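Following: one structure in structure tokens, then a few remarks.
The values are calculated or read from the model by the stated rules, or taken from the named source; none is laboratory data. Remember, it's a predicted structure, so these values are computed and weren't measured experimentally. When we count neighbours, we look across all protein chains shown, and the Cβ atoms used for this are built from the backbone with ideal geometry, even at glycine.
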Amino acid sequence: MSPHQPYIVWQKHGIVAVCKPFGMPSQNDPSGDLSVLGWSEQQLDCELHLLHRLDRPTGGLILLASSKDAAAHLNRQFESREVKKVYLGVTEGIPVEPEATLSHHIAKLPGKNFVRAYDKKVRHSKPALLRYEVTQSAGNLSLLEIHPETGRRHQIRAQLRTVKLPLVGDQKYGKGKPLPYPGIALWAYKIRFRDPGGQEHTLCVPPPADQPWNLFEF
């Protein structure tokens, strides 16, 4: 199984979990490139509902639903923040604090696909909150376990940039070199949710053994 191809991780109770490779859009976009949604519908030969999105350069777990009932059930959990997601990120630099909570206000720059994290509320901004923990380090690189408490667009990337911890390979929010694949060092590692019957599930997929992930143990 290629680490740069999508694959189905789990499928039960009308819920489908897919491992999204770096560089693949979550849903159809103007590029016309095959999306996670499109690929999954081809594989399962049915209409699916995308429950949340990952940025194109981010890889990892993403959930879809094969029925309207399952989609409605999961959407309620996302809206109430019952779904818990954990990301892994490799940053340039070592955080001063091994554990920290980042609280900012996120606002999109007019006419640009770019957001900025501010310390105070500004016009059209929304609160953004995440927690991180440094789990390993290699030279000047740190592996963070990231727990977003809100789901703002580009939130993790923008907040880490603001505290001078840009993600490796993220040229939009950092100044480092690109990675040898179309992605950044941000991986949707773990997700916890309840199925329509009320049973809790925790799914986990480690990142591929590519640069810079191969510098750390999983």
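Tabulated values for the structure
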| item | result |
| --- | --- |
| Residue, nearest to E145 (Cα to Cα), within the stretch 168-205, restricted to residues that are in contact with a Pro (Cβ under 9 Å, 6 or more places away or on another chain), of a type in the set (D, E, K, R) and surrounded by 15 or more Cβ atoms within 10 Å (Cβ to Cβ) | D170 |
| Test: L215 is farther than 29 Å from D33 by Cα, at pLDDT 95 or above and touching a Gly at 6+ places or on another chain (Cβ under 7 Å) | no |
| Members of the stretch 176-191 that are farther than 18 Å from N113 by Cβ, in a loop (DSSP other than H, G, I, E, B) and not aromatic (F, W, Y) | G176, K177, L179, P180, A185 |
| Residue ID - surrounded by the most Cβ atoms within 10 Å (Cβ to Cβ), chosen from residues in the stretch 138-153 that are more than 15 Å from E92 (Cα to Cα) and among the charged types (D, E, K, R) | R152 |
| Unmet requirement for L51, which otherwise passes all of (1) in contact with an Asp or Glu (Cβ under 6 Å, 6 or more places away or on another chain); (2) closer than 15 Å to L203 by Cβ; (3) without any contact (Cβ under 8 Å) to a residue 40 or more places away in the chain | (1) |
| Qualifying residues in the stretch 89-108 (those that are in contact (Cβ under 8 Å) with a residue 24 or more places away in the chain and among the acidic types (D, E)) - the one surrounded by the most Cβ atoms within 10 Å (Cβ to Cβ) | E92 |
| The stretch 109-137: number of residues that are aliphatic (A, V, I, L, M) and surrounded by fewer than 18 Cβ atoms within 10 Å (Cβ to Cβ) | 4 |
| Single residue of the stretch 101-132 satisfying the filter (β-branched (V, I, T) and out of contact with any Pro (no Cβ under 8 Å at 6 or more places or on another chain)) that is modelled with the highest pLDDT | T101 |
| Residue tally, condition surrounded by 21 or more Cβ atoms within 10 Å (Cβ to Cβ) and assigned to a strand (DSSP E or B), over the stretch 18-70 | 10 |
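Yes/no per residue for (1) in contact with a helix residue (DSSP H, G or I) (Cβ under 9 Å, 6 or more places away or on another chain); (2) farther than 18 Å from W187 by Cβ; (3) of a type in the set (F, W, Y); (4) touching a residue at least 40 places away in the same chain (Cβ under 8 Å):
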| position | (1), (2), (3), (4) |
| --- | --- |
| L74 | no, yes, no, yes |
| S80 | no, yes, no, no |
| Y87 | yes, no, yes, yes |
| V115 | yes, yes, no, yes |
